[in-house]
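The values are calculated or read from the model by the stated rules, or taken from the named source; none is laboratory data. Quick caveat: nothing in here was measured; it's all calculated off a predicted structure. Glycine gets a Cβ as well: all are built from the backbone with ideal geometry, and neighbour counts include every protein chain shown. For accessibility, only protein heavy atoms count, side chains too; no ligands or nucleic acids. Shrake-Rupley method; radii C 1.70, N 1.55, O 1.52, S 1.80 Å.
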Amino acid sequence: MKTLVASALIATAALTGAANASLSSDVQTYAPNADVSALTTTEANMVVSILHSGNTESEKRNAIRKIVN
């Protein structure tokens, strides 16, 4: 789990405009109309971790919605 979180932190730290757009489209799958531009770095890291987790789609949707709303 620590490796997953560390990987997510590194990946998010390296986000560019294109990667941020990708994050936005991925988040829209689980939380339509969510504004990812307002997310803090920590929140974006959490979302990336959730997106790449082995959780069910329902669990991902619930966790992402809690962060972006």
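Report, by residue number, each residue of the range 19-57 that is open to solvent by 70 Å² or more (accessible area, probe 1.4 Å), in contact (Cβ under 8 Å) with a residue 12 or more places away in the chain and among the β-branched types (V, I, T).
T41, the sole residue that qualifies.
In the range 58-69, how many are surrounded by 14 or more Cβ atoms within 10 Å (Cβ to Cβ) and among the polar types (S, T, N, Q)?
Going through the range 58-69, the residues surrounded by 14 or more Cβ atoms within 10 Å (Cβ to Cβ) turn out to be 60-65, 67-68.
Narrowing further to those that are among the polar types (S, T, N, Q): 62.
Count: 1.
If you check S49 against the conditions, is it within 11 Å of the chain's Cα centre (by Cα), at pLDDT 90 or above and not in a helix (DSSP H, G or I)?
Numbers: within 11 Å of the chain's Cα centre (by Cα): yes; at pLDDT 90 or above: yes; not in a helix (DSSP H, G or I): no.
No: the conditions fail for S49.
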